[in-house]
Each structure stands twice: as C-alpha cells, then as structure tokens.
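Report on one structure; see the data block that follows.
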Amino acid sequence: AQSVTQLGSHVSVSEGALVLLRCNYSSSVPPYLFWYVQYPNQGLQLLLKYTTGATLVKGINGFEAEFKKSETSFHLTKPSAHMSDAAEYFCAVSDRGNQGGKLIFGQGTELSVKP
Amino acid sequence: NAGVTQTPKFRVLKTGQSMTLLCAQDMNHEYMYWYRQDPGMGLRLIHYSVGEGTTAKGEVPDGYNVSRLKKQNFLLGLESAAPSQTSVYFCASSYSGLLTGELFFGEGSRLTVL
C-alpha cells in the first residue's frame, strides 16, 4: 500500500531564509508525486508535480522539489521565504496503475514565516 | 470561472440528523472526489467517482453515501450524523484520473455534529 510521511507538522522560518519541507513516500511501483498548498480557509491548489522525466521540478511561487528514488523522497524547497508563503503544505502520491486517480496525502506541514 | 463549488460552506447538525453536501464543477471533468480533512491527519478519501453514474469507496467510506447522477454534480450524504463526522469536507475534480493526477478543489464545507 502507498503511504506518505511528512516530517514535521510545523516548520517556522524567517523571511528570506531557505524553506525545506520534507516528504518521504512508499510505493511498490514508480509513483506520481505532488505538492499542494492550502491557504487559510481555502481549498488546496497544486504547487508542482513529478510524473516522469527530469527529477527536479519547478512549481509556482518559486518552489521546487526533487524526486530521489534511492531515498524515496520528494522534498520541497524555496531559496528565500516570503511572508505570503505561510500556509499548510501537503505532499501526495499516486501510483501509475491507479485507475481512479486517487491521491494519498501526507499529514500536512504548516509553514510559518517570521518577519 | 467557478471551478468547483461546494454548498453549504458551514453547517451544524445534531447527532442522528441527516444532510447532503453538494459539489458542482463546470470543467467537464470525469473524475470527482470527496475528502475529509482532520487536524494532523491530512486529507482522507471518502468516496470517488470515475464518471456519471459510477461511485466507489475510498479510505473512510463508513457512514457516508454518494451519488453522481449528473456529470457535473457529486453529492455526499450523511444519513445519521455522528460527532466523529465533525470535519472539513473537500470536493475535488480531475480531468484525467490516471495521467496527471491534478485535482481541483472546492473551498471546503465545515460540518459540526453536536
């Protein structure tokens, strides 16, 4: 069965500092991997995804993530945090044989950005 | 662009009452999903549909029923609400469930069961 683990339910950084949100997955087949962001009182929106090809993927708002098969990881980074990045971030996995397009989500990591 | 619209956005129920959450999407998506979000547990899939007239169980289907009579609508029903069903419910839709996995989410429906 697939699963996703996000290390750290809450991460706090200073404005301008590096953002690193960790995600590890387990899957018996090569997965599709996603990061979603949820701003307060809103639904989730896609930040970026890895399906095939280049293992370093770039998303919106300056975020990027690298798929590392050997480490079963898909960590999310941003070189310089902005106050507007404060939100909850969810890592998700879907396997390639998944007929229903179902995503398995991690527990979420709340990012706080201090001025 | 409306995208995915959920109604109602807030509801308070007493234990044992029934209610229906409505999800409507205007993107002609085949796939639709109902998730619940609880603190520290992320999103868990309740039921989903891969097309009009079809539904399937997700991770946590007990206590819920769904219907997809029209392609654009996906209804989530609670026949006899329980306090454990207090949660934020999100509907999502997807054009292609297999290839891209990108889900488009509604803004959520916050349900409290007393």
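The values are calculated or read from the model by the stated rules, or taken from the named source; none is laboratory data. It should be emphasised that the depicted structure is a prediction, and the values quoted were computed from it without experimental measurement. All Cβ positions, glycine included, derive from the backbone under ideal geometry; neighbour counts span all protein chains shown.
Listed values, structure above:
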| read-out | value |
| --- | --- |
| Count of residues meeting criterion [crowded, with 16+ Cβ neighbours inside 10 Å, at pLDDT 95 or above and of a type in the set (S, T, N, Q)] in region B:79-114 | 4 |
| Pick from region B:35-78, criterion within 12 Å of chain A (Cβ to nearest Cβ) and of a type in the set (Lys, Arg), ranking: surrounded by the most Cβ atoms within 10 Å (Cβ to Cβ) | B:ARG36 |
| Residue in region B:31-42 that is in contact with a Ser or Thr (Cβ under 8 Å, 6 or more places away or on another chain), touching a residue at least 60 places away in the same chain (Cβ under 8 Å), assigned to a strand (DSSP E or B) and not aromatic (Phe, Trp, Tyr) present | yes |
| Options A:TYR50, A:TYR32, A:TYR36; residue that is within 25 Å of B:TYR31 (Cα to Cα) and within 10 Å of the chain's Cα centre (by Cα) | A:TYR36 |
| Residue within region B:1-13 that is assigned to a loop (DSSP other than H, G, I, E, B), within 9 Å of another protein chain (Cβ to nearest Cβ), touching a residue at least 12 places away in the same chain (Cβ under 8 Å) and over 23 Å from A:PHE90 (Cα atoms) present | no |
| Meets criteria (polar (S, T, N, Q) and in a strand (DSSP E or B)) for B:SER80 | no |
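Table: residues versus (1) within 14 Å of chain B (Cβ to nearest Cβ); (2) surrounded by 18 or more Cβ atoms within 10 Å (Cβ to Cβ); (3) modelled with pLDDT under 90.
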position: A:GLY62; (1), (2), (3): no, no, no
position: A:PRO79; (1), (2), (3): no, no, no
position: A:HIS82; (1), (2), (3): no, no, no
position: A:ASP85; (1), (2), (3): no, yes, no
position: A:SER94; (1), (2), (3): yes, yes, yes
position: A:VAL113; (1), (2), (3): no, yes, no
